[in-house]
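Data block below; observations after.
The values are calculated or read from the model by the stated rules, or taken from the named source; none is laboratory data. Keep in mind that what you see is a predicted model, and the values were worked out from it rather than measured. Note that each Cβ is placed from the backbone with ideal geometry, even for glycine, and that neighbours are counted across all protein chains shown.
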Amino acid sequence: MLELLQYGFMQRAFIAGILIALLCAVIGVFLVLRRMSLLGDGLAHISFGGIAAGMFFGVYPLLSALAFSVLAAIGIQKLKSMKVYGDAAIAIFFSFGLSMGVVLVSLSHGFKADLFSYLFGSILAVSGTDILLILAVGIATLVALLLFYKELFYMTFDEDSARASGIPVERLNAMLVVLTAITVVLSMRIVGILLVSSFLVIPASIALLICRSFRNTIGVAALIGVASVITGLTLAYYFDLATGGAIVLTLVGGFAVVLLYKKLSPRLTPRT
Amino acid sequence: MAEKIVEFENVSFGYGRQPAVEKATFSIERGDFVGVIGPNGSGKTTIVKLMLNLLKPDEGSIMIFGKGIADFREWRRVGYVPQKATNFDQNFPATVFEVASMGRIPKAGLARRLSSADYAAVERALKTAGILNLRDSRIGDLSGGQQQRVFIARALATEPELLILDEPTVGVDMEAQHNFYALLRRLNKEFGLTLVLVSHDIGLVSKNVNKLACVNIAVTFHDVSKGLSTADLHCAYPAGMAFVPHHHHIPTPSARFIR
């Protein structure tokens, strides 16, 4: 196990992976409970357009993806405030990003191999620049989430009461969507565009099956996320797999085991 | 004269062209226990939402704790138990203690952690509501009446001076309702809390309150500490309207209220 940590690329993959596992787990719990599970998927497809645009115009792709994703997040909020249904707003941006990405990919012929790593994640993908961006933006995002944790908890449970008690629900909602947009882009190098949403949703869903308190749900989701990254990256290293696939399959396996365990022991009370 | 906590002056509000509240003028004083009654769709919840600044009046002015409501910032002084509070996601992972501690969140301030003083206040609120023993239970595992108390505890945790409850006993069984009213009377008498209770159940409400606001788009305000007159009742339940409580049997109004 330790030998794989000798390599710089593996160290970077582990550092980035653990950080995004924490981010995705915390955001994921809020998204799942707010019935916004597909937001991550939508934003990921939008950032695909950003990646393609970055590669096409010679801009650092993660940065252009970040810009695309965050702007789309704001756009989705705007459409929602103009009485477009939330899921329709996501679908509109989703297709826009994807179609733009596909057009740019077909206009150029050079970067198809590289694109594969963006779609499914790659163990070699996290460059020195990437890790700096992921650490800086990722830690800032995590801090923002922890700062507003209790307000987000309140509004996730009961938005009307939260609003009535003076919590700026609309602004925090917008913040959550923008933080999701950022998280999706940061996760892309490790889990890939197509698998980001599972990485957001599955740790939270497993934790929701076994936890009774909100605090433990967040904690358990974070632990599951980190464990899946460590397992997935190790498997990817030894068997030469796309990292996103290895991580998400680990998660799906975990989800199935927990579900089966609950099913087989119906009187099992959830632990706190 | 007691301090005025809420003052409505000629307040009107409509949804589109449909009037919901018309020219409401009344005031609530410290220590009052006000029942807001009226049939479904009469504008009871609209009045509550106006009181909480969730809706802005089309006309007229609302003062709360002596301040214009638009400039009022100390919402921590107001506790609120919404209609359908117990209508939350029953699978939501939150313990009784976690839900009650939401009440301290506005007081702590944005981006601040709850302090040990906050947690002590939550504990006191749970004790007052009589559910301290349930603190670590998942809220979805409790009965309707117990969940109701959790939401009262959440409102009490803010240590409010005014507590507004919107149809709090819908879906709660009879015995739990009686205990619930006993709790409200105690909060009013022992803790000096000013209470506003919205209900369509005039029977239980009028037994407990000292003032009654009858709402049927128009609002009439009655001091019922000395009993309730037929005229008072007719304001909210005009002739021809059946007097049917939603969950249980109560005696006819003439038997119960008119002395």
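Numbers below:
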quantity: Residues (of a type in the set (Gly, Ala, Ser), away from every other protein chain (no Cβ under 12 Å) and farther than 19 Å from B:Phe180 by Cβ) located in region B:118-160; calculated: B:Ala120, B:Ala121
quantity: Within region A:142-172, considering residues that are at the interface with another protein chain (Cβ under 7 Å from one of its Cβ atoms) and of a type in the set (Asp, Glu), the one surrounded by the most Cβ atoms within 10 Å (Cβ to Cβ); calculated: A:Glu151
quantity: Any helices (runs of 4 or more DSSP H) falling wholly within region B:10-114 and containing at least 3 residues that are among the β-branched types (Val, Ile, Thr) and more than 9 Å from chain A (Cβ to nearest Cβ); calculated: B:44-51
quantity: Unmet criterion (only one of (1) surrounded by fewer than 23 Cβ atoms within 10 Å (Cβ to Cβ); (2) away from chain B (no Cβ under 14 Å); (3) on the phi > 0 side of the Ramachandran plot) for A:Val226; calculated: (3)
quantity: Residue count, region B:10-34 (criterion: farther than 30 Å from B:Arg186 by Cα, in contact (Cβ under 8 Å) with a residue 24 or more places away in the chain and not aromatic (Phe, Trp, Tyr)); calculated: 9
quantity: Candidate set from region B:129-146 (those that are at pLDDT 90 or above and part of a helix (DSSP H, G or I)); member that is nearest to B:Leu193 (Cα to Cα); calculated: B:Leu132
quantity: Residue in region A:188-200 that is buried (at least 23 other Cβ atoms within 10 Å of the Cβ), modelled with pLDDT of 90 or more and within 14 Å of chain B (Cβ to nearest Cβ) present; calculated: no
quantity: Filter pass, A:Leu264 being farther than 24 Å from A:Ala16 by Cβ and without any contact (Cβ under 8 Å) to a residue 24 or more places away in the chain; calculated: yes
quantity: Among (1) at pLDDT 75 or above; (2) over 23 Å from B:Glu7 (Cβ atoms), the one test that B:Leu195 misses; calculated: (2)
quantity: Matching entry among A:Ile90, A:Ile167 (being within 18 Å of A:Ser197 (Cβ to Cβ) and without any contact (Cβ under 8 Å) to a residue 60 or more places away in the chain); calculated: A:Ile90
quantity: Count of residues meeting criterion [assigned to a helix (DSSP H, G or I) and on the phi > 0 side of the Ramachandran plot] in region A:80-98; calculated: 0
quantity: Conditions (1) in contact (Cβ under 8 Å) with a residue 12 or more places away in the chain; (2) more than 14 Å from chain B (Cβ to nearest Cβ); (3) β-branched (Val, Ile, Thr): number failed by A:Val84; calculated: (1)
quantity: Subset of region A:100-149 [in a helix (DSSP H, G or I), in contact with a Gly (Cβ under 8 Å, 6 or more places away or on another chain) and of a type in the set (Gly, Ala, Ser)]; calculated: A:Gly101, A:Ser117
quantity: Identity of the residue in region A:69-107, β-branched (Val, Ile, Thr), within 15 Å of A:Ala44 (Cβ to Cβ) and touching a Phe, Trp or Tyr at 6+ places or on another chain (Cβ under 9 Å), that ends up surrounded by the most Cβ atoms within 10 Å (Cβ to Cβ); calculated: A:Ile76
quantity: Of all residues in region B:156-177 being modelled with pLDDT of 85 or more and assigned to a helix (DSSP H, G or I), the one that is farthest from B:Arg30 (Cα to Cα); calculated: B:Ala157
